[in-house]
Amino acid sequence: MAFGGLFATDIAIDLGTANTLIYVKGKGIILNEPSVVAYHVKDGKKQVLAVGEDAKLMLGRTPGSIEAIRPMRDGVIADFDSAEEMIKHFIRKVFRRTTFSKPKVIVCVPHGATPVEKRAIRQSVLSAGARKAALIAEPIAAAIGSGMPITEPTGSMVVDIGGGTTEVAVLSLGDVVYARSVRIGGDRMDDAIVSYLRRHHNLLIGEQTAEKVKMSIGTARMPDDGRGATMLVRGRDLLNGVPKEIEITQAMVAEALVEPVQQICEAVMIALEATPPDLAADIVDRGVMLSGGGAMLGEMDLALREQTGLSISIADQPMNCVALGTGKALEYEKQLRHVIDYDS
């Protein structure tokens, strides 16, 4: 064993719009933090103030001298420098040593990412100190992570609803037969809740509050009693400009989320229409697997079942699927070599 290999631990990164997860070979997922970077701006110079969990608390609450940014938008890098800082910080946090030899990194990218976007992700990872950066398509990682037998000659369909994108893919023989990536995910749902409350209740709430609402009482279908659970929401009254608190019901949230949920259902329907008949038969047989944070939205599986008539199951750890799948690609690199895209 070469000396360099003694400390080099290969890692897999799920660089998500909302959260970044890092999987270390042989150890599993050991980091799961929000994809947020906060800067302190002094005399036009930026200094990193916080990354991850601490930086997320600052979103929407910063004074003029501090800015908190989310470097990832729609699953791809929107702010190059911040993304690099964030990856650097997380890799350091995982290794906890100042002198770690350069790891080999596999990162997952949305299926619809352009070559330029892919190169940006690869470049960021290399600048953050990786020895080699390989890419894997997100739907493949999600399918591996949710335990689907993707190497067999049968069709499997996976719907991965992330923060920025929803990836719908049909896989067979270890590769993608058909995939569609729509830029709708958890963020779009938060925005929908914000604009709904602004339109119907003249209340302006922040992204953080919208996310809380979605996670507490979010649902993809109207509650049977037309009301459902309730929760108190605080924000700014747009009529007289003062902060106020109102009670919102699950039915309101369901109404707010009609559009994003509908678009996700449509993406699934379009994918099913484009699937070859024999694979479609397999999907009827085995159903569809939901993964990603969006799979945890209340009754999302039922909304999809009503649309498609297929059986829909939710992965065991929907949030971790992609990271686990990318990690498996590290562990079983030889068998999965054909789906990993090495330095091009």
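Listed values, structure above:
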| item | result |
| --- | --- |
| Every residue from the range 220-237 that is farther than 23 Å from Ile264 by Cα and open to solvent by 90 Å² or more (accessible area, probe 1.4 Å) | Asp225, Arg227, Leu232, Arg234, Arg236 |
| Gln47, sole failed condition from (1) out of contact with any helix residue (DSSP H, G or I) (no Cβ under 7 Å at 6 or more places or on another chain); (2) of a type outside the set (A, V, I, L, M); (3) open to solvent by less than 40 Å² (accessible area, probe 1.4 Å) | (3) |
| Residue match in the range 87-106 (condition: modelled with pLDDT of 80 or more, under 30 Å from Ile312 (Cβ atoms) and either aromatic (Phe, Trp, Tyr) or buried (at least 22 other Cβ atoms within 10 Å of the Cβ) (or both)) | yes |
| Qualifying residue in the range 220-238 (condition: closer than 30 Å to Asp282 by Cα and either at pLDDT below 90 or in a loop (DSSP other than H, G, I, E, B) (or both)) | yes |
| Val107 part of a strand (DSSP E or B) and either closer than 22 Å to Val322 by Cβ or of a type in the set (D, E, K, R) (or both) | yes |
| Test: residue in the range 118-126 that is part of a loop (DSSP other than H, G, I, E, B) and either under 25 Å from Gly186 (Cα atoms) or modelled with pLDDT under 80 (or both) | no |
| Filter result (under 25 Å from Thr165 (Cα atoms) and of a type in the set (Val, Ile, Thr)) within the range 50-77 | Val51, Ile69, Val76, Ile77 |
| Hey, Ala315 open to solvent by less than 10 Å² (accessible area, probe 1.4 Å) and under 29 Å from Asp225 (Cα atoms) or not | yes |
| Wholly within the range 261-344, helices (runs of 4 or more DSSP H) carrying at least 2 residues that are under 18 Å from the mean Cα position of the chain (by Cα) and either over 14 Å from Val158 (Cα atoms) or at pLDDT 85 or above (or both) | 300-308, 321-331 |
| Qualifying positions in the range 52-63 - open to solvent by 10 Å² or more (accessible area, probe 1.4 Å) and either in a strand (DSSP E or B) or at positive phi (or both) | Gly60 |
| Within the range 1-46, strands (runs of 3 or more DSSP E) holding 3 or more residues that are modelled with pLDDT of 85 or more and either over 19 Å from Glu333 (Cα atoms) or over 13 Å from the mean Cα position of the chain (by Cα) (or both) | 19-24, 28-34, 37-42 |
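The values are calculated or read from the model by the stated rules, or taken from the named source; none is laboratory data. Please read all numbers here as calculations on a predicted model, not as lab measurements. Note: ideal-geometry Cβ built from the backbone for every residue, glycine included; neighbour counts use all protein chains shown. Keep in mind that these areas ignore ligands, DNA and RNA; they rest on the heavy atoms of the full protein, side chains included. Shrake-Rupley method; radii C 1.70, N 1.55, O 1.52, S 1.80 Å.
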